[in-house]
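One structure is given here, and the rest of the page talks about it.
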Amino acid sequence: MNIIITGASRGIGRDLAIQLAQYTHHRILVLSRNEGKLRELSDSYENIFHLKYDLGHPDPESLGQAIQGWSQIDLLINNAGLLVKKNFDQLKRSDWQRSFDVNFFGPVELIQQCLPLLKKSSNAHIVNITSMGGFQGSSKFPGLAAYSASKAALGNLTECLAEELKDDGVAVNALALGAVQTEMLAEAFPGFEPPMHSDQMAKFIVNFALNGWQFFNGKVLPVSTSTP
Ligand SMILES: NC(=O)c1ccc[n+]([C@@H]2O[C@H](COP(=O)([O-])OP(=O)(O)OC[C@H]3O[C@@H](n4cnc5c(N)ncnc54)[C@H](OP(=O)(O)O)[C@@H]3O)[C@@H](O)[C@H]2O)c1
């Protein structure tokens, strides 16, 4: 399988890359801005390749070069995320912009670029990682308006895209995650210790990403043990 994972320099994305790399027939391209962290992965696993990539400033040419020679893409996990935590009256236009750039427009442009190769796969799956904060009817937390709205947009895109791509055999689903122990969560909620570890969540996402396309399409699934 040919796989692309965004946001693999740390947290859930890093664990996703490591777990998927155990299947030696997988070829995995990992993206993020931190080349040093990505290189640690590509130096450790011969089936992981890396590309320094800023979703806020997409570079289709460098991505095109990185996947040159790929005949298809089977799995795209839009995992990268940016969390701006500020109360609504403090949020500037630039905060909204960078939240949507990374959490929404980045995935949009990446999907558009990958689409021709996704359509060549017989079981293509796009998995968008959203958040319980962006899930309709869930509990909300102060300070997360820009983050949650951008994740909700990605969830809605998931539903729309699944409809548009259903005849091309490309399944599109979103997982709306609850709290997971990562640096993002620790930075946003210091002292809070969620019960879920990053590698546990990654294990679930890997299983879903590899098999869920057979059972789900256009779904935004809450992945949380707490009541929404
Ligand atoms: N942890 C939670 O409790 C939780 C809950 C709900 C949803 N989620 C979602 O799960 C996903 C993974 O979260 P996490 O907790 O593992 O977060 P994390 O530890 O902060 O990792 C986020 C990843 O996104 C990448 N990223 C951020 N800005 C980027 C940009 N401009 N261009 C490219 N990559 C960028 C980061 O890489 P660089 O800094 O190297 O670019 C990093 O690898 C995110 O989408 C997050 O919103 C997490």
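The values are calculated or read from the model by the stated rules, or taken from the named source; none is laboratory data. If you're wondering where the values come from, they're calculated on a predicted model, not measured in any experiment. Backbone-built Cβ (ideal geometry, glycine too); neighbour counts: all protein chains shown. Quick note on the areas: whole protein, heavy atoms, side chains included, nothing else; ligands and nucleic acids left out. Shrake-Rupley method; radii C 1.70, N 1.55, O 1.52, S 1.80 Å.
What the table below lists for this structure:
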read-out	value
Accessible-area ranking of C114, C160, largest first, probe 1.4 Å	C160, C114
Accessible-area value, R14, 1.4 Å probe, nucleic acids and ligands omitted, Å²	80 Å²
Sulfur and carbon atoms: percent of accessible area, the stretch 65-220 [1.4 Å]	53 percent
Accessible area (Å², 1.4 Å probe, nearest 10) - T130	10 Å²
Residue-count net charge about F88 - beta-carbon cut-off 15 Å; Lys, Arg +1, Asp, Glu -1	+3
Computed [θ] at 222 nm, deg cm²/dmol, the chain (DSSP H ≥ 4; -39,500 (n - 2.57); rounded to nearest 500)	-12000 deg cm²/dmol
Exposure ranking of Y53, Y45, Y23 by accessible area [1.4 Å probe, largest first]	Y23, Y45, Y53
For the stretch 96-151, accessible area per residue (1.4 Å probe, heavy atoms of protein chains only), Å²	41 Å²
Estimated distance in nm for a label pair at N211 and R10, the labels positioned 7 Å out from Cα along Cα-to-Cβ	3.2 nm
Pairwise label distance in nanometres, C160 with S44, each label 7 Å out on the Cα-Cβ vector	3.8 nm
Heavy atoms of R10 accessible to a 1.4 Å probe, total area in Å² rounded to 10	90 Å²
